[in-house]
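The values are calculated or read from the model by the stated rules, or taken from the named source; none is laboratory data. Quick caveat: nothing in here was measured; it's all calculated off a predicted structure. With ideal geometry, Cβ positions are generated from the backbone for all residues, glycine too; neighbour counts draw on all protein chains shown. Heavy atoms of the whole protein, side chains included, go into the accessibility calculation; ligands, DNA and RNA do not. Shrake-Rupley method; radii C 1.70, N 1.55, O 1.52, S 1.80 Å.
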Amino acid sequence: MPLLVVLIGATGALMLVPSIKAFLDQQAYVGRVFLYSASLCMLLAAFLGIALNGQTRLGRSSGLFPLLTLIYLVIPAAMALPLAEALPQLRFVDAWFEMISSFTTTGASLIELPRRIPPALHLWRGMAGWLGGLFILAAATALLAPLQLGGFELIRREHGTAESAGWASAAPGGRLRAHAATIFPVYFGLTVALWVLLTFTGVPGFDALMQAMAVLSTSGILPRESLGGVGLAAEFLLFAFMVIALSRRFLPGRGGRPRPILQDPELLTAALIIGLVSLFVLARHWAGAFEVREGENLPAMGRAAWGAAFTGLSFLTTTGLVSQDWIASRVWSGLTPPGLVLMGLTLLGGGVATTAGGIKLLRVYALMRLGKAESERMIYPSMVPGANEYDRFLVTVGARSAWLFAMVFALTAIVVVALLLLSGMSLETSLIFAVSSLSNTGPLVSVAGQAPLYWTLVSDPARAILALSMVLGRLEILVFLALFLGRQ
């Protein structure tokens, strides 16, 4: 059965979960909406399956990127059916934008007052983001790894091996189902574990579930406007589980790291970045605190350091959760937290083949190694860079691939900014929205500028541009170019 048909049927079956939640909350209308939408999607999948039985498999002849693009456009439309029906103030186009931002793990929301929305709808938004995270984990290893795309060009040097050729010749649907079956138990188990641990710290059960799904999928989708004061213990748990989005080594499937964890280039790069950002933010707030005679307030200094580390890691993994101490540091120093730093972190992104967006840490590491090698070559012109074959590959072919992607990413951001300017946005606003959509970090718009921005104020043409930008950011522009040029 074609992969798209299977996903439509699975989407319908999963709508039964928020339907049961709504009936348990004594919200019969919302429960019926999800029940009828589930029946419609499953019937549509059944009819399509019967009609396409024996036909040419969807995706084998049309190409990989068109298949993935079709999935990211059609599946959110099916997910939007109950949302548009249950919330009369949302048009279907608005509900589609809400679901495409959830499924791409962006987390950009058009809901103005989340606290007034039934919990079942928030559960469905969180599930859409969680399923989008599972889908990209499976798609990265099942579809992009055999083609040496999506960051895998920096992990393995050999191209065209027998294993890769065998995987590339297989049907995309079969590969995706096989890898999803491998990843799902660990992905689901980590989510449940974080959910249970958060409830032990005093977080309400439903909020803990939403936070667990938001962290594991890096969608940042919550049932309220912000994370709020969940407490230091809960934030520490969220911090620990966000580390999973820094490296593929924590998840099963193809693309595991053979190096020890203390030598993992992605983890080392992330630790360096988070450390430097935390020191910069802390020094800035400390300098401001001296002007108001609060520089010797050590507890406030510690809270500011923790807020910078937590929020920095959250935006580096493109999750977008903001620590309460990040906001409280303004009271200590009297300075506004530097939102531009968070924008830079989202551009860098998390690990290869994880749920995080952005340029990816392994590419950043390759560029750092290239800079180090070129600096050493100025002193020793005859020096051979790299201690082994992989290191030499990383500072030559790998660094060129990383630089190519960084330039394509920057050019795409320029195009998106230009289109948003034509739609009527200002330059600063369009830049923030472009970076937020391309890096799949929806909460960035509320903290990056001098004043918070809101997705509800974006016009319809700009929403269409940003929705396509989210899909490009999720699939990576370099993948589109490689497959468009016939590399498949």
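Going toward the positive end of the dipole of the range 351-405, with +1 on Lys and Arg Cβ and -1 on Asp and Glu Cβ, which of Y365, P385, W403 do you reach last?
The residue sitting most towards the positive pole is W403.
How far apart, in nanometres, would the label points at I20 and I379 be if each is projected 7 angstrom from Cα along the Cα-to-Cβ direction?
Distance between the two pseudo-spin positions: 6.4 nm.
Can you tell me the FRET efficiency between V186 and W403 if r is taken as the Cβ-Cβ distance and R0 is 35 Å, rounded to the nearest 0.05? All intermediate terms of the calculation are to be shown ahead of the outcome.
Numbers: r = 33 Å, r/R0 = 0.95.
Using R0 = 35 Å, I get an efficiency of 0.55.
Counting only heavy atoms of the protein chains, get the accessible area per residue of the range 351-440 (1.4 Å probe) and round it to a whole Å² value.
Each residue of the range 351-440 exposes 46 Å² on average to a 1.4 Å probe.
Can you pull the accessible area of I379 for me, 1.4 Å probe, Å² to the nearest 10?
I379 has an accessible surface of roughly 120 Å² with all protein chains in place.
With a cut-off of 8 Å between alpha carbons and a minimum separation of six or more residues, what is the relative contact order of the chain in percent?
Details: 765 pairs, mean separation 77.2, N = 488.
Over the chain, the number comes to 16 percent.
Please tell me the relative contact order of the range 350-468 in percent, rounded to the nearest whole number, where contacts are Cα pairs under 8 Å and at least six residues apart. Each step should come with its number before you reach the end.
Numbers: 94 pairs, mean separation 27.2, N = 119.
23 percent.
When the helices in the chain are scored as -39500 (n - 2.57) per DSSP H run of 4 or longer and the sum is shared across all residues, what 222 nm value do you end up with, to the nearest 500 deg cm²/dmol? Before the final figure, lay out the partial values.
Values: 20 runs with 312 residues, N = 488.
Helices in the chain give a 222 nm mean residue ellipticity of -21000 deg cm²/dmol.
Tell me, how many Å apart are the Cα centres for the range 349-375 and for the range 171-239?
Rounded to whole Å, the Cα centres lie 25 Å apart.
Could you work out the mean projected area of the convex hull around the alpha carbons of the range 176-257, in square nanometres to one decimal?
Values: hull surface 22.7 nm².
The Cα convex hull of the range 176-257, projected and averaged over all directions, gives 5.7 nm².
For R259 and R392, calculate 0.36 nm times their separation in residues minus their Cα-Cα distance, and state this gained length in nm to one decimal. Before the final figure, lay out the partial values.
Values: separation 133, 0.36 × 133 = 47.88 nm, distance 1.62 nm.
46.3 nm is the gain from fully extending R259 to R392.
Determine the gain in length on full extension of the stretch R91-A464; use 0.36 nm per residue of separation and subtract their C-alpha separation, reporting nm with one decimal. Write out the running numbers ahead of the final one.
Values: separation 373, 0.36 × 373 = 134.28 nm, distance 1.39 nm.
Going from the current span to full extension adds 132.9 nm.
How large, in percent, is the carbon and sulfur part of the accessible surface of the chain at a probe radius of 1.4 Å?
Numbers: 14020 of 20490 Å².
Carbon-and-sulfur percentage of accessible area, whole number: 68.
Which value, in debye to the nearest 20, describes the size of the charge dipole of the range 68-127 about its Cα centre when Lys and Arg Cβ atoms bear +1, Asp and Glu Cβ atoms bear -1, and nothing else is charged? Walk me through the intermediate numbers first.
Working: 4 positive and 4 negative charges, 26 e Å.
With only Lys, Arg, Asp and Glu charged at Cβ, the dipole is about 120 debye.
To the nearest 0.05, how large is the calculated FRET efficiency for S39 and V331 if R₀ is 45 Å and r is the Cβ-Cβ distance? Show your work: numbers first, answer last.
Values: r = 52 Å, r/R0 = 1.16.
Rounded to the nearest 0.05, the efficiency is 0.30.
At 1.4 Å probe size, put F200, F280 in order of accessible surface, largest to smallest. Mind dumping the intermediate values first?
Details: F200 160, F280 105 Å².
Most to least solvent-accessible, the answer reads F200, F280.
Efficiency by 1/(1 + (r/R0)^6): what FRET value for L279 and A51, r their Cβ-Cβ distance, R0 = 60 Å, to the nearest 0.05?
On the way: r = 61 Å, r/R0 = 1.01.
The computed FRET efficiency comes out at 0.50.
Sort R303, R249 by accessible area with a 1.4 Å probe, largest first. Intermediate results must be reported in sequence, preceding the final value.
On the way: R303 115, R249 60 Å².
Sorted by accessible area, descending: R303, R249.
How large is the convex hull of the Cα atoms of the range 400-455 per residue, expressed in Å³ as a whole number?
Numbers: hull volume 4.3 nm³, N = 56.
Taking the convex hull of the Cα positions in the range 400-455, it is 77 Å³ per residue.
Please report the orientation-averaged projected area of the range 332-431, defined via the convex hull of its C-alpha atoms, in nm².
Details: hull surface 41.8 nm².
If you wrap the Cα atoms of the range 332-431 in a convex hull and average its projections, you get 10.5 nm².
Please report, to two decimal places, log10 I(q)/I(0) for the chain at q = 0.06, 0.08, 0.10, 0.12 Å⁻¹ as given by the Debye formula with identical point scatterers on the Cα atoms and no solvent.
With no solvent term, the Cα-only Debye profile gives -0.27, -0.48, -0.76, -1.10.
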